[in-house]
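Notes for the one structure printed next.
The values are calculated or read from the model by the stated rules, or taken from the named source; none is laboratory data. Please read all numbers here as calculations on a predicted model, not as lab measurements. Methodologically, a virtual Cβ is constructed for each residue, glycine included, from the backbone with ideal geometry; neighbour enumeration extends over all protein chains shown. Calculation scope for accessible area: heavy atoms of the full protein, side chains included, ligands and nucleic acids excluded. Shrake-Rupley method; radii C 1.70, N 1.55, O 1.52, S 1.80 Å.
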Amino acid sequence: LGLPAEPDPAAHTEVTVLACHPYASVHLGPEGMRGGEAADRVAGFWRALGGTPGPDVDHLGALLELAAELARREAQAAEPDRGAAWRRARAALLFEHLAPWLVPWTLEVAELADPWFDAYCRLLLAWYREELVELAPDLPAGPDRLPVALAAAPPGLAPDDGQRLLDHLVAPVRCGLVLTRASLARAAKDLGVGLRLGERRFLLRTLLEQEPVGTWAWLAAEASRWEEAHRAWADQGLPDQGSARFWSERADRARQVFEELGRLAEDQVSRSGSAATIRS
């Protein structure tokens with residue numbers, strides 16, 4: 001495959017366990033966690049094909065293995081109608097269970113700049129493009145067609161989300177971007193604030209407590225960067241452009257929310273400073 005030397009177990013764990021979880025449900029679920037309706041949807045597809053879903057049914061590796069098996073069955077089908085049925089199953093797997101989250105996952109992995117994973121993601125995207133082109137006649141027509149997982153997605157971010165906002169920020173399908181521990185560490189470095197180890201909600205809360213105005217500005221810039229990446233993929237005109245536009249719109253909405261919250265934080269800081277001046 002032309003890939004470099006595989007990462008050691010520690011590096012592999014850092015990428016796929018601690019940073020960039022390769023599960024459909026993590027990217028498509030309302031809480032950004034494994035399981036739930038997003039995983040059940042994939043399990044239902046396995047059952048429709050006569051298979052038995054495993055515990056990691058929505059893991060990228062399991063989905064790619066299934067894609068390879070469906071392609072094998074299509075190629076070996078003795079009757080044209082049977083081969084066409086397996087081809088439609090390939091198209092359904094691609095459109096409904098990979099297109100909604102595969103590209104965002106590769107974008108977040110690229111953040112970590114690991115040589116092996118970088119090469120792997122480039123190879124993965126090359127395969128994905130080829131599948132989209134080959135299966136285009138069997139995919140839902142129209143640039144606005146969405147997979148079920150995105151059509152039924154929870155609402156995007158809103159300025160009045162209040163205490164729920166931190167939960168929504170770690171659910172990629174709600175905000176259109178993926179905040180990893182590595183990206184939040186980068187935010188702390190950019191803002192010049194200290195950051196202890198912890199889960200992402202804790203890290204976000206720590207950043208907002210120490211530097212609210214700067215953190216909202218950093219998040220707005222990050223959302224803008226993700227929006228541009230999603231839009232660039234959509235502009236390729238591939239059959240998954242509906243999914244790419246969904247992510248682009250979510251990221252752009254997040255940017256607007258972050259900018260509004262940044263203005264509110266700036267006003268609050270300004271009022272606090274004025275009050276301190278009066279007291280002195």
List every residue pair whose Cβ atoms lie under 9 Å apart, where the two residues are 6 or more positions apart in sequence or sit on different chains, the first residue falls within the stretch 166-183 and is of a type in the set (D, E), and the second residue, located anywhere, is buried (at least 23 other Cβ atoms within 10 Å of the Cβ) and assigned to a helix (DSSP H, G or I).
D167/R174
Within the stretch 95-108, does at least one residue satisfy the condition of being in contact with a helix residue (DSSP H, G or I) (Cβ under 9 Å, 6 or more places away or on another chain), buried (at least 17 other Cβ atoms within 10 Å of the Cβ) and more than 22 Å from H230 (Cβ to Cβ)?
no
On the given criteria, is R174 open to solvent by 60 Å² or more (accessible area, probe 1.4 Å), part of a helix (DSSP H, G or I) and either under 29 Å from E199 (Cα atoms) or of a type in the set (F, W, Y) (or both)?
no
Exactly one condition in (1) assigned to a helix (DSSP H, G or I); (2) loosely packed, with under 15 Cβ neighbours inside 10 Å; (3) not hydroxyl-bearing (S, T, Y) is false for C121; which is it?
(2)
Any chance you could count how many residues in the stretch 210-250 are within 22 Å of R200 (Cβ to Cβ) and part of a helix (DSSP H, G or I)?
21
Going through the stretch 177-187 in order, the residues found to be within 13 Å of F202 (Cα to Cα) and surrounded by fewer than 17 Cβ atoms within 10 Å (Cβ to Cβ) are R181, A185
Of all residues in the stretch 207-234, which are of a type outside the set (A, V, I, L, M, F, W, C) and open to solvent by 20 Å² or more (accessible area, probe 1.4 Å)?
E209, Q210, E211, P212, S224, R225, E227, E228, R231
Can you work out which of the residues in the stretch 90-118 that are in a helix (DSSP H, G or I), out of contact with any Leu (no Cβ under 7 Å at 6 or more places or on another chain) and among the charged types (D, E, K, R) is farthest from A75 (Cα to Cα)?
E108
Is one or more of the residues making up the stretch 248-256 in contact with a helix residue (DSSP H, G or I) (Cβ under 6 Å, 6 or more places away or on another chain), within 23 Å of E108 (Cβ to Cβ), among the hydroxyl-bearing types (S, T, Y) and crowded, with 17+ Cβ neighbours inside 10 Å?
yes
What tally of residues in the stretch 1-34 results from selecting those that are assigned to a loop (DSSP other than H, G, I, E, B), surrounded by 14 or more Cβ atoms within 10 Å (Cβ to Cβ), among the aliphatic types (A, V, I, L, M) and touching a Phe, Trp or Tyr at 6+ places or on another chain (Cβ under 8 Å)?
0
Checked against (1) surrounded by fewer than 19 Cβ atoms within 10 Å (Cβ to Cβ); (2) under 25 Å from V173 (Cα atoms); (3) free of Cβ contacts under 8 Å to residues at least 40 places away in the same chain, H59 satisfies every condition except (1)
Can you go through G162, G142 and tell me which one is over 16 Å from the mean Cα position of the chain (by Cα), more than 21 Å from E228 (Cα to Cα) and in a helix (DSSP H, G or I)?
G162
Pair list, Cβ under 9 Å, 6 or more apart: the stretch 77-98 residue within 14 Å of D240 (Cβ to Cβ), other residue open to solvent by less than 30 Å² (accessible area, probe 1.4 Å) and of a type in the set (V, I, T)
E96/V42; H97/V42
Result of the Cβ filter at 7 Å on the stretch 188-204, keeping first residues that are farther than 24 Å from E31 by Cα and open to solvent by less than 50 Å² (accessible area, probe 1.4 Å) and partners that are outside any loop (DSSP other than H, G, I, E, B) and not aliphatic (A, V, I, L, M), at least 6 apart or interchain, is L191/G214; L191/T215; L191/W218; V193/Q210
